[in-house]
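K.L.:
My questions will all concern the structure given below.
The values are calculated or read from the model by the stated rules, or taken from the named source; none is laboratory data. Values in this document were obtained by computation on a predicted structure and should not be read as measured data. When we count neighbours, we look across all protein chains shown, and the Cβ atoms used for this are built from the backbone with ideal geometry, even at glycine.
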């Protein structure tokens, strides 16, 4: 990759030199004709010629700084937002990850409509979709020749269906970019773990990238190896994911078949994972990065997981490898009917937009069609509202028409490097300074006072990431006052102020830069005024509290499943909800309602008691506070099915139990995270019956509360949660356990 990037940088530099030389030669020929007109040398014209050539030769374009994006990476940057579509057997088994033994006959969507899904994504402002052609269960959504575990063995369209083709056609019709994800891990294949499977996997990539191109991204994730069906072996298979797939050869294959596709993986090679599935990059997020081995076997001192470095990148990274921020629209990546009321709100998505795209990364939003094969109505509505919100927020750049005064412009060439480039239609034309000027100042006169709360700035990343930090000031009370500042601009930097400000004079100050700045865009915007979503909480006694911030006239809530309106019950103080249920709340200013909050509660935990283990204070397990954490078996043997880590809770009385919930620690550490469990019930604390068992799929990256439905309601006084496997470490860390 290093050689590739060096060649690319050399090629760009030579291109710039050739273009400059061509211009000089053209001038030389023209003025030569004038100088020798009539067969005589004319001194005045000769002097002018040397002046023009001198100026032209001196007005060299800025030299790129550090790594720069490839053509494939540039089109990825310009995509900005796209959606990852999870749809397959997991949709019908109600699991996040399939085991690999699912019968293809269960896959038979009755109303599959790729155009409905793609259109909903487009309405949300997204520019592309990535279809999961094969997930870890090994089921292929196209009629592949590589395995019998594919759509042709399902009843969908009498075995003649091709979900990938339908998505591709829908994207072409809608003007949306198309991408694919074919999981390298295959829990169905008997060959997995052998070299023969790597050949099979590459054949799958050949089929996809030959038959369904062009694609804008080839998407890969880091989940590789573990328990699976594996052709009936039903065992655990471990591979070294750094060497097993022969990634260099696999990347070469993709490059040959889809040269304009950016390749995404945990550590690149073109786009890196940001290190979480929460949809946000770091406050500082460099596009440059030096990848490390995926499993360095260590954690950072600040508590981030092994991927903490990917969240921020490297200022002096060896490669241009920007971050992707992936997050599902719902709590999980696969459709679950129980999550129909837990779709992220439009303003939650807007906040994620600021923290991903607005930090130079990309936003990859997970969409999950339901069993019908279409997006649920709630999902469609939210996407449309988010798209409208995004359009409204960025519809009016208050800087357009303003008067700019720059402290420096490269060679005084205002046409090519002037401030007009900051508001033109070209996102990569730029205001550029002379090489020696690295801390210029740009003063903007808006002509009259304007109200704004969003600051937008962009670098010309074709010249690399040049600016280290910047500040924005306004002139108020007869002095310049700093209102915002940030680092790592890159492809885009958005700053969302905590309050709306009014100003006529605004100043952009480049505080530090590694090379002369090349700022391609600057803007000020005002997002629509909105009421913040209320915060809903409940204490151990079952008392529900609702709070909000800002000027509101009332908080309205419901507990009957209906949406809160201006006529719903007004919140005047805490109320009891001991038997659990779902609370919906909205803040109102007059008849105008703000964001809705939905919170689901199980049985209140008053009277509950942790009976085992007795050596620890485990009250944090049952305090209804997801931020408090209890540790179990930290000094005991390795957690396995033979030596599990158990927690026994006395509910105080026999109750009817339909499901149980498990909340992992709300941080990014992998140590102590239980990913396999058995759930027991008892009426005497002696005789126990297992009511549920399985795995918390993807819990390492997605720390949502896990809700496990029992096959049928049971009545019991005692519950036992048994962790039978942890991702790392010996003990188990649990934030909360509950029952519904």
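K.L.:
Please work out if residue 732 is in contact (Cβ under 8 Å) with a residue 60 or more places away in the chain, closer than 16 Å to residue 612 by Cβ and within 29 Å of the chain's Cα centre (by Cα).
P.N.:
yes
K.L.:
Between residues in segment 559-575 that are closer than 20 Å to residue 590 by Cα and residues that are in a loop (DSSP other than H, G, I, E, B), which pairs lie under 6 Å by C-beta distance while being six or more apart or on different chains?
P.N.:
Every condition considered, the pairs that remain are 566/591.
K.L.:
Filter segment 572-592 down to residues that are within 35 Å of the chain's Cα centre (by Cα), assigned to a loop (DSSP other than H, G, I, E, B) and closer than 29 Å to residue 529 by Cβ, then give me how many there are.
P.N.:
1
K.L.:
Any chance segment 347-367 includes a residue that's at pLDDT below 95 and either in the same structural domain as residue 487 (by TED's automatic domain parsing) or part of a loop (DSSP other than H, G, I, E, B) (or both)?
P.N.:
no
K.L.:
Of all residues in segment 608-619, which are surrounded by fewer than 18 Cβ atoms within 10 Å (Cβ to Cβ) and either outside any loop (DSSP other than H, G, I, E, B) or not assigned by TED's automatic domain parsing to the domain that holds residue 657 (or both)?
P.N.:
Those that are surrounded by fewer than 18 Cβ atoms within 10 Å (Cβ to Cβ) and either outside any loop (DSSP other than H, G, I, E, B) or not assigned by TED's automatic domain parsing to the domain that holds residue 657 (or both): 609, 611, 612, 619.
K.L.:
Of the conditions (1) modelled with pLDDT of 95 or more; (2) not assigned by TED's automatic domain parsing to the domain that holds residue 336, residue 80 clears all except one; give me its number.
P.N.:
(2)
K.L.:
Select, from 451, 433, 443, the only residue that is more than 18 Å from residue 359 (Cα to Cα) and in contact with a helix residue (DSSP H, G or I) (Cβ under 7 Å, 6 or more places away or on another chain).
P.N.:
It is 433.
K.L.:
For the subset of segment 469-494 comprising residues that are part of a strand (DSSP E or B) and touching a residue at least 60 places away in the same chain (Cβ under 8 Å), which member is nearest to residue 398 (Cα to Cα)?
P.N.:
494
K.L.:
Touching a residue at least 60 places away in the same chain (Cβ under 8 Å) and either out of contact with any strand residue (DSSP E or B) (no Cβ under 9 Å at 6 or more places or on another chain) or in a helix (DSSP H, G or I) (or both), is that true of residue 203?
P.N.:
no
K.L.:
For residues that are in contact with a helix residue (DSSP H, G or I) (Cβ under 9 Å, 6 or more places away or on another chain) and buried (at least 21 other Cβ atoms within 10 Å of the Cβ), tally how many sit in segment 509-535.
P.N.:
6
K.L.:
With respect to residue 90, is the statement that it is crowded, with 24+ Cβ neighbours inside 10 Å and either in contact with a helix residue (DSSP H, G or I) (Cβ under 7 Å, 6 or more places away or on another chain) or farther than 17 Å from residue 159 by Cβ (or both) true?
P.N.:
yes
K.L.:
Also: Is it true that some residue in segment 142-155 is in the same structural domain as residue 369 (by TED's automatic domain parsing), in contact with a strand residue (DSSP E or B) (Cβ under 8 Å, 6 or more places away or on another chain), surrounded by 17 or more Cβ atoms within 10 Å (Cβ to Cβ) and under 30 Å from residue 387 (Cβ atoms)?
P.N.:
Scanning segment 142-155, I find at least one residue that is in the same structural domain as residue 369 (by TED's automatic domain parsing), in contact with a strand residue (DSSP E or B) (Cβ under 8 Å, 6 or more places away or on another chain), surrounded by 17 or more Cβ atoms within 10 Å (Cβ to Cβ) and under 30 Å from residue 387 (Cβ atoms), so the answer is yes.
K.L.:
Go through (1) more than 30 Å from residue 108 (Cβ to Cβ); (2) assigned to a helix (DSSP H, G or I) and name the single condition residue 381 misses.
P.N.:
Failing condition for residue 381: (1).
K.L.:
Can you tell me which residue within segment 536-569, out of those that are at pLDDT below 90 and in contact with a strand residue (DSSP E or B) (Cβ under 6 Å, 6 or more places away or on another chain), is surrounded by the most Cβ atoms within 10 Å (Cβ to Cβ)?
P.N.:
Ranking the candidates gives 548 first.
K.L.:
Scan segment 712-729 for residues that are touching a residue at least 24 places away in the same chain (Cβ under 8 Å) and either farther than 15 Å from residue 609 by Cα or touching a helix residue (DSSP H, G or I) at 6+ places or on another chain (Cβ under 6 Å) (or both) and jot them down.
P.N.:
Across segment 712-729, the qualifying residues are 713, 714, 715, 722, 723, 724, 725, 726, 727, 728, 729.
K.L.:
Right, here's the next one. Just checking, how many residues over segment 156-198 are touching a strand residue (DSSP E or B) at 6+ places or on another chain (Cβ under 7 Å) and either in a helix (DSSP H, G or I) or not assigned by TED's automatic domain parsing to the domain that holds residue 127 (or both)?
P.N.:
Qualifying residue count for the region: 4.
K.L.:
Specify which of the listed residues (87, 126) is farther than 30 Å from residue 226 by Cα and part of a loop (DSSP other than H, G, I, E, B).
P.N.:
The unique qualifying residue is 126.
K.L.:
While we're here: Condition test on residue 438, is it assigned by TED's automatic domain parsing to the domain that holds residue 408, in a loop (DSSP other than H, G, I, E, B) and in contact with a strand residue (DSSP E or B) (Cβ under 6 Å, 6 or more places away or on another chain)?
P.N.:
Criteria met by residue 438.
K.L.:
With respect to residue 266, is the statement that it is in the same structural domain as residue 137 (by TED's automatic domain parsing), within 30 Å of residue 66 (Cβ to Cβ) and surrounded by fewer than 17 Cβ atoms within 10 Å (Cβ to Cβ) true?
P.N.:
no
K.L.:
Taking the options 602, 581, 590, name whichever one is without any contact (Cβ under 8 Å) to a residue 60 or more places away in the chain and within 13 Å of residue 543 (Cα to Cα).
P.N.:
581
K.L.:
How many residues does segment 407-435 contain that are part of a loop (DSSP other than H, G, I, E, B), over 33 Å from the mean Cα position of the chain (by Cα) and surrounded by fewer than 18 Cβ atoms within 10 Å (Cβ to Cβ)?
P.N.:
Count: 4.
K.L.:
Residue 398 passes all but one of (1) within 26 Å of the chain's Cα centre (by Cα); (2) not assigned by TED's automatic domain parsing to the domain that holds residue 508; (3) not in a strand (DSSP E or B); which number fails?
P.N.:
Against the list (1) within 26 Å of the chain's Cα centre (by Cα); (2) not assigned by TED's automatic domain parsing to the domain that holds residue 508; (3) not in a strand (DSSP E or B), residue 398 comes up short only on (1).
K.L.:
On to the next question. Hey, among the residues in segment 304-346 that are at pLDDT below 90 and outside any loop (DSSP other than H, G, I, E, B), which one's nearest to residue 68 (Cα to Cα)?
P.N.:
310
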